[in-house]
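Report on one structure; see the data block that follows.
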Amino acid sequence: MNSMTGYGRSEFDCNGRTVQLEIKSVNHKYLELVYRLPKGYAFLEEKLRPYLQSRMARGKLDLSVTIVSRREDDSHVTLNHSIASGYLKALRELAGDYNIPDDLSLSSFSHFSDLFTVTCSPENPEEVWETVRCALDGALADFFEMRVREGMRMKEDIHSRILLVREMVTKVEERSALSVGEYQKKMQVRLQELLESIEPDDQRVFQEAALWADKTSVAEETVRLNSHLDQMELLLAQNGPVGRRLDFLTQEMNREANTIGSKAMDVTIAHLVVEMKAEIEKIREQIQNVE
């Protein structure tokens, strides 16, 4: 089981380029990919998307790529002679008209950015992608290792809470069985107090107790709750994305707990339901970060 939280960083040198890549992710209902690519390398997105989609199912992933080229033929600087001539003529005219010393030098023109045009040699997309892919694989190794570690911690926490919920379900079942007998005794005492000298009809008391027991029975709910817990443990033991299925199970578990709380007319069971729902909510919070 993997967490959706992860971080990885890598640097790779190849073919006169250095690629620095950083990848991080947080929880998200679906898979959302956000790229930060250098200018002129937008073509990498169509390579990155399927590559990442094949390796993860959920999470908001932020990918930042920096590419530094060291190839000598990569950039070409061209001087715009007409603009340079215009600057030179204007500056000398300024010096003459206002009696300013003519101290023009080469460095004087380095401040005029419009004198120069920088062009880059066409990139080989496949060559660039191969370098980026190698850097990405290095970052993903750390990234997935972190997600696995986080996933194992969450798995242990969820499993411990499943055991707690199981204990509470067992206590609810035991208390539910006892409450029927207690209700029957209370009815007999109350009838005796009302009727005083007249002996209450035991058969009628039994019938009322049976009706009450049927009305307040939570057997179906506890059976379904245990079934959901069994399915959850099976999913925890599986490899691959299980977050959505676990999330669905927690919703169903919470629904069963609510039904138990509304049906069972018993203070002890009501307290158990409150504790049970608190543990189910903690499980749900953990599952929100499971891939």
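Observations on the model:
- Residues within region 200-243 that are touching a helix residue (DSSP H, G or I) at 6+ places or on another chain (Cβ under 7 Å), modelled with pLDDT of 85 or more and under 18 Å from Thr170 (Cα atoms), tallied: 10
- Of the residues making up region 139-154, those that are surrounded by fewer than 18 Cβ atoms within 10 Å (Cβ to Cβ) and of a type in the set (Lys, Arg) are Arg149, Arg153.
- Residue check for Ser197: assigned by TED's automatic domain parsing to the domain that holds Glu279, at pLDDT below 95, surrounded by 12 or more Cβ atoms within 10 Å (Cβ to Cβ) and out of contact with any Cys (no Cβ under 8 Å at 6 or more places or on another chain): no
- Look at (1) of a type in the set (Gly, Ala, Ser); (2) farther than 17 Å from Asp137 by Cα; (3) within 20 Å of the chain's Cα centre (by Cα) and you find that Gly40 fails only one, number (3).
- His76 passes every criterion in (1) within 20 Å of Asp137 (Cα to Cα); (2) touching a Ser or Thr at 6+ places or on another chain (Cβ under 6 Å) apart from (1).
- Top-ranked residue in region 12-54 [being basic (Lys, Arg) and free of Cβ contacts under 8 Å to residues at least 24 places away in the same chain; ranked as nearest to Glu126 (Cα to Cα)]: Arg49
- Here Leu63, Leu91 are screened, and the one residue that is surrounded by 13 or more Cβ atoms within 10 Å (Cβ to Cβ), outside the structural domain of Val26 (by TED's automatic domain parsing) and either within 29 Å of the chain's Cα centre (by Cα) or part of a helix (DSSP H, G or I) (or both) is Leu91.
- Residues in region 23-33 that are assigned to a strand (DSSP E or B) and either more than 21 Å from Ala141 (Cβ to Cβ) or touching a Phe, Trp or Tyr at 6+ places or on another chain (Cβ under 8 Å) (or both): Ile23, Lys24, Ser25, Glu32.
- Residue match in region 80-92 (condition: of a type outside the set (A, V, I, L, M, F, W, C) and in contact with a Gly (Cβ under 9 Å, 6 or more places away or on another chain)): no
- Any pair with Cβ under 7 angstrom, 6 or more apart, that starts in region 111-131 at a residue that is assigned to a loop (DSSP other than H, G, I, E, B) and ends at one that is modelled with pLDDT under 85: Ser121/Asp73; Ser121/Asp74
The values are calculated or read from the model by the stated rules, or taken from the named source; none is laboratory data. If you're wondering where the values come from, they're calculated on a predicted model, not measured in any experiment. A quick note on method: Cβ atoms are made from the backbone with ideal geometry, for glycine too, and the neighbour counts reach across all protein chains shown.
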